[in-house]
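Trainee: To start, I am sharing the structure in question, which I have written as structure tokens.
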Amino acid sequence: MSKYVAFNNDTALSYVQELGQFFPADAILSCYEFGDGNLNLVFRIQDTNAQRSIILKQALPYARCVGESWPLTLDRARIEASVLQKHGAVCPELTAKVLHHNSELAVTILEDLGHMAILRGELNQGNTFKHLGTHVGTYLATTSFFYSDFYLPAADKKSLVQEFTNPELCSITEDLFFDDPYREHERNNYPVALEEQVSLLRENKTLLINVAKLKSKFYSSPQTLLHGDVHTGSLFVSAQETKFIDPEFGFFGPIGFDLGSFIGNLLLNYCAQNGRIVETPKRRDVHSYLLNTISTCLQTFEQHWLTLAKTDTRDLALQAPGYVEQFLQEVLQDAMGYCGTELIRRTIGLAHVADIDGIEDETKRLAVQKQTLLLGEQLILNAKSCRSTDDFYQLIISFAH
């Protein structure tokens, strides 16, 4: 089977059986499709006797959430599998493992992480994970360092930049993050009651200039191989483990983008808890956990990056005393700006989050949406005042309350 066809339960099962490498020949297999994402088909194939299972993911030639009117390249499946393999090579303990990939069929087979849960749903229920900040900070520092100019020979990095050119999905990010929310567009989606605040945001010339700078950097700064879509729906978690999944938006871009996207999603959840948790003590506990996780993530990221730069930087010029500290300061400023764009685009753009949309009380939901817009705007406007991880955290504290 090599010509592309979208799988169903039967054809996905047949494909795995034909491969013959994951289960015994006499295994009794079952297959069901359970994907609820915006873009792809996701199947679980399992041996009912041995309790062994794998995940088969297949890209569709269009955005699943919209339909065939929004065509998408199948090459994103290659990008996703390759990013997982590259990131897994340097950070295997935090990256979902690729077991098989077929570019013609846009199929990737992955380890089954069914013993874990998607972070977004857990946070929406008020569940917490003590290792999350350390794990995410470690992953983002490790993967961004080892695919940066600090470590890769120039020729190798330039070759990888070409390999991971991802123009179609980058275009989606560019539209949804930096364009649509700041002007009238049919993809935007927000209540009429937000119109005044949205209009003021769109009339803020300083804000628009800062967003333009963030977009320009997204275009033109291939600093490292990004995951490209780090949010709480692209992380599996358990009490002891964290695993990154779904990097189909991966490409070489600014290091601060992934870091800012993750923190932005924690802040979306922080704001959303005001409309989710009635009991004040529990809400305070969740708020404290989210802020502490952000602080831990930032500190872990910075400390791990500095350690790697000290021990593993290969480029002679980039070893200049004090340079890496200045470099990371700029990364943090970028991250703060991208964090703000994530808050704004998830509130008034196309791709909302269940954290907020799942709030049943309309008045509370609107109050949360107003808070996320204000917080996002202030983070973008104040990003250049960030000089350290502590500055970043303190600015979040001052605007989040």
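Trainee: Cβ contacts < 7 Å: first residue in contact (Cβ under 8 Å) with a residue 12 or more places away in the chain, restricted to region 353-381; second residue open to solvent by 70 Å² or more (accessible area, probe 1.4 Å), any location; separation 6+ or different chain. Result?
Mentor: Ile359/Arg276; Leu381/Thr206
Trainee: Continuing with this model, one more query. Could you list, in sequence order, all residues of region 386-401 that are open to solvent by less than 60 Å² (accessible area, probe 1.4 Å) and either touching a strand residue (DSSP E or B) at 6+ places or on another chain (Cβ under 7 Å) or not charged (D, E, K, R) (or both)?
Mentor: Kept after step one, since they are open to solvent by less than 60 Å² (accessible area, probe 1.4 Å), are these residues of region 386-401: 386, 388-389, 391-393, 395-397, 399-400.
Selection gives Cys386, Ser388, Thr389, Phe392, Tyr393, Leu395, Ile396, Ile397, Phe399, Ala400.
Trainee: Same structure, new question: Scanning for something farther than 30 Å from Asp357 by Cβ and of a type in the set (Lys, Arg), does region 46-63 turn up at least one residue?
Mentor: yes
Trainee: Within the bounds of region 178-194, is there any residue that is closer than 28 Å to Gln326 by Cβ and either crowded, with 16+ Cβ neighbours inside 10 Å or without any contact (Cβ under 8 Å) to a residue 12 or more places away in the chain (or both)?
Mentor: So far as region 178-194 goes, yes, one or more of its residues are closer than 28 Å to Gln326 by Cβ and either crowded, with 16+ Cβ neighbours inside 10 Å or without any contact (Cβ under 8 Å) to a residue 12 or more places away in the chain (or both).
Trainee: Right, next: Quick check on my filter: what residues within region 93-114 are polar (S, T, N, Q) and within 17 Å of Leu74 (Cβ to Cβ)?
Mentor: Answer for region 93-114, where residues must be polar (S, T, N, Q) and within 17 Å of Leu74 (Cβ to Cβ): Asn102, Ser103, Thr108.
Trainee: With the requirement that a residue be hydrophobic (A, V, I, L, M, F, W, C), within 20 Å of the chain's Cα centre (by Cα) and not in a loop (DSSP other than H, G, I, E, B), what does region 143-173 give you?
Mentor: Quick first cut of region 143-173, residues hydrophobic (A, V, I, L, M, F, W, C) only: 145-146, 150, 152, 154-155, 160-161, 164, 169-170, 172.
Subsequent filtering for residues that are within 20 Å of the chain's Cα centre (by Cα) retains 145-146, 161, 164, 169-170, 172.
Residues satisfying the conditions are Phe145, Phe146, Val161, Leu169, Cys170, Ile172.
Trainee: Looking at Glu111, Glu104, Glu68, Glu122, which one is acidic (Asp, Glu) and modelled with pLDDT under 95?
Mentor: Glu68
Trainee: While we're here: Could you tell me which numbered condition Ala351 fails, if it satisfies all but one of (1) at pLDDT below 95; (2) of a type in the set (Gly, Ala, Ser); (3) closer than 20 Å to Ser295 by Cβ?
Mentor: If we test Ala351 against (1) at pLDDT below 95; (2) of a type in the set (Gly, Ala, Ser); (3) closer than 20 Å to Ser295 by Cβ, just (3) comes out false.
Trainee: Hey, could you check region 30-54 for residues that are of a type in the set (D, E, K, R) and open to solvent by 30 Å² or more (accessible area, probe 1.4 Å) and say which is modelled with the lowest pLDDT?
Mentor: Among those that are of a type in the set (D, E, K, R) and open to solvent by 30 Å² or more (accessible area, probe 1.4 Å), it is Asp36.
Trainee: Sticking with this one: Suppose we filter region 109-142 for residues that are among the aliphatic types (A, V, I, L, M) and assigned to a helix (DSSP H, G or I); how many remain?
Mentor: First, pick out the residues of region 109-142 that are among the aliphatic types (A, V, I, L, M): 109-110, 113, 116-119, 123, 132, 136, 140-141.
From the residues that got through so far, the ones that are assigned to a helix (DSSP H, G or I) too are 119, 123, 132, 136, 140-141.
Qualifying residue count for the region: 6.
Trainee: Looking at region 359-382, which of its residues are in a loop (DSSP other than H, G, I, E, B) and either open to solvent by 40 Å² or more (accessible area, probe 1.4 Å) or of a type in the set (Phe, Trp, Tyr) (or both)?
Mentor: Glu360, Asp361 - these are the residues of region 359-382 that are in a loop (DSSP other than H, G, I, E, B) and either open to solvent by 40 Å² or more (accessible area, probe 1.4 Å) or of a type in the set (Phe, Trp, Tyr) (or both).
Trainee: Considering each residue of region 314-329, count those that are assigned to a helix (DSSP H, G or I) and touching a residue at least 24 places away in the same chain (Cβ under 8 Å), and give that number.
Mentor: Residues of region 314-329 that are assigned to a helix (DSSP H, G or I), as a first pass: 317-319, 323-329.
Remaining after also requiring touching a residue at least 24 places away in the same chain (Cβ under 8 Å): 318, 324, 328-329.
Number of matching residues: 4.
Trainee: Let me ask something else. Any residue in region 74-95 that's among the aromatic types (Phe, Trp, Tyr): show its pairings with residues that are in a helix (DSSP H, G or I) and open to solvent by 10 Å² or more (accessible area, probe 1.4 Å) at Cβ separation under 9 Å, as long as the two are six or more apart or on different chains.
Mentor: Sorted first by the residue in region 74-95, then by its partner, the list stays empty.
Trainee: Can you confirm whether Gly137 is in the same structural domain as Phe23 (by the TED database) and under 19 Å from Phe301 (Cα atoms)? Quick ask: steps written out before the conclusion?
Mentor: Working: in the same structural domain as Phe23 (by the TED database): no; under 19 Å from Phe301 (Cα atoms): yes.
No: the conditions fail for Gly137.
Trainee: Moving to a separate point now. Can you tell me which residues in region 155-170 are open to solvent by 30 Å² or more (accessible area, probe 1.4 Å) and touching a residue at least 24 places away in the same chain (Cβ under 8 Å)?
Mentor: Of everything in region 155-170, those that are open to solvent by 30 Å² or more (accessible area, probe 1.4 Å) and touching a residue at least 24 places away in the same chain (Cβ under 8 Å) turn out to be Val161, Glu163, Thr165, Glu168.
Trainee: Further question on the same structure: Go through (1) surrounded by fewer than 24 Cβ atoms within 10 Å (Cβ to Cβ); (2) free of Cβ contacts under 8 Å to residues at least 60 places away in the same chain for Ser234 and report which single condition fails.
Mentor: Failing condition for Ser234: (1).
Trainee: With (1) out of contact with any Gly (no Cβ under 6 Å at 6 or more places or on another chain); (2) within 25 Å of Gly121 (Cα to Cα) as the list, and Ile344 as the residue in question, which single condition is left unmet?
Mentor: (1)
Trainee: Further, regarding this structure: If a residue must be among the aromatic types (Phe, Trp, Tyr) and within 21 Å of Met116 (Cα to Cα), how many such residues does region 28-77 contain?
Mentor: Here the count works out to 3.
Trainee: Would you say Arg64 is surrounded by 19 or more Cβ atoms within 10 Å (Cβ to Cβ) and either within 23 Å of Val42 (Cβ to Cβ) or in contact (Cβ under 8 Å) with a residue 12 or more places away in the chain (or both)?
Mentor: No: the conditions fail for Arg64.
Trainee: Now a separate question. Here's a check for you: in region 1-56, which residue that is without any contact (Cβ under 8 Å) to a residue 12 or more places away in the chain and assigned to a loop (DSSP other than H, G, I, E, B) is farthest from Lys97 (Cα to Cα)?
Mentor: Per the criteria, the residue is Asp26.
Trainee: In addition: Within region 257-302, take every residue that is open to solvent by 20 Å² or more (accessible area, probe 1.4 Å) and of a type in the set (D, E, K, R) and give me the one that is nearest to Ile380 (Cα to Cα).
Mentor: Result: Glu302.
The values are calculated or read from the model by the stated rules, or taken from the named source; none is laboratory data. For clarity, every value in this text was computed on a predicted model and none was experimentally measured. For neighbour counting, all protein chains shown are included, and Cβ atoms are generated from backbone atoms with ideal geometry for every residue, glycine included. Each accessible area value is taken on the protein alone, full model and side chains, heavy atoms only, with ligands, DNA and RNA left out. Shrake-Rupley method; radii C 1.70, N 1.55, O 1.52, S 1.80 Å.
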